[in-house]
1. Tell me which residues, restricted to the range 164-188, are within 25 Å of SER204 (Cβ to Cβ), part of a helix (DSSP H, G or I) and aliphatic (A, V, I, L, M).
2. Residue under question is THR176, and the condition is that it be among the hydroxyl-bearing types (Ser, Thr, Tyr) and buried (at least 19 other Cβ atoms within 10 Å of the Cβ); does it hold?
3. Tell me, which residue of the range 139-163 that is touching a Ser or Thr at 6+ places or on another chain (Cβ under 7 Å) and outside any loop (DSSP other than H, G, I, E, B) is surrounded by the fewest Cβ atoms within 10 Å (Cβ to Cβ)?
4. Suppose the filter is modelled with pLDDT under 95 and of a type in the set (A, V, I, L, M, F, W, C); does CYS150 pass it?
5. Quick check on my filter: what residues within the range 221-243 are in a strand (DSSP E or B) and closer than 18 Å to VAL157 by Cβ?
6. Output the helices (runs of 4 or more DSSP H) that fall wholly within the range 44-129 and possess 1 or more residues being among the charged types (D, E, K, R), or say none.
7. Within the range 163-191, track down each residue that is of a type in the set (Ser, Thr, Tyr) and in contact with a helix residue (DSSP H, G or I) (Cβ under 8 Å, 6 or more places away or on another chain).
8. Please specify each residue of the range 202-233 satisfying the condition of being aromatic (Phe, Trp, Tyr) and in contact (Cβ under 8 Å) with a residue 60 or more places away in the chain.
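The values are calculated or read from the model by the stated rules, or taken from the named source; none is laboratory data. These numbers were taken from a predicted model, which means no experiment stands behind them. Here Cβ is always computed from backbone atoms with ideal geometry, including for glycine, and neighbour counts include all displayed protein chains.
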Amino acid sequence: MPPRLPTWRALKWLRSSPEPPKHEAGDPFAVARARMVEEQISARGIHDERVLAALRTVPRHAFLPEHLRQDAYLDTPLPIGSHQTISQPYIVALMTELLGLDGDERVLEVGTGSGYQAAVLSLLAREVFTIERRAELAARALQVLARLHCGNVEVVVGDGTCGLAAHAPYHGIIVTAAAPHVPQPLLDQLAPGGTLVLPVGEASSQVLEVWRRTPAGLEREEVAPVAFVPLIGEHGWSDDAWG
């Protein structure tokens, strides 16, 4: 029997209606966040109003080191330590919209990182499970998610390339690192009608793919070229694959 993975809830799970993330009164980044959504995301073709509202709400700066917070709403990924990054806001919006969430789904995120993507998903799905192989990143993300009252998120430390079978199936799976190929366990844990969004490729060439489980079988779509850190694990890259 496999060892039990350590898990934490950000707060007591609010099944009926997760609260919007809390942020400080007089938020100095509110204008910058609204401008980010208008100029970087809406203007580039993201039209799902629920996704746009979530991005206007979640304080991206709260997931960054103090010295980078002034750059939180720029159109760029940023380092968060442990050789990881917080994704570009537009890519977060694009991948989230591709999931097509309506609010009643169970979603798995592979690669918690800063926790920002999980916070966005928390406003769009019924429950979110997010798995991170680096315990220090998972613990840091948990602290921010708890502070922001993202109460329907559970953080797990483990190998995300194996998915999280204990809570499968998932209506949506989102992978925030580039895999050499689609991990079979993630396809196996995708619910009927579910959608898997992930980047596939190596350091120099990656494409964002969407996989959907339909009555006729799995359907694959290529969306756009992207650039992500490697997905490390049993069904991903090895630790030293990219040097």
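1. Across the range 164-188, the qualifying residue is only LEU186.
2. Yes, satisfied.
3. Per the stated criteria, the residue is GLU154.
4. yes
5. ILE232
6. So the answer is 49-57, 89-99.
7. Here is the first cut: in the range 163-191, the residues of a type in the set (Ser, Thr, Tyr) are 170, 176.
The answer is THR176, and nothing else.
8. PHE228 - this is the single residue of the range 202-233 that is aromatic (Phe, Trp, Tyr) and in contact (Cβ under 8 Å) with a residue 60 or more places away in the chain.
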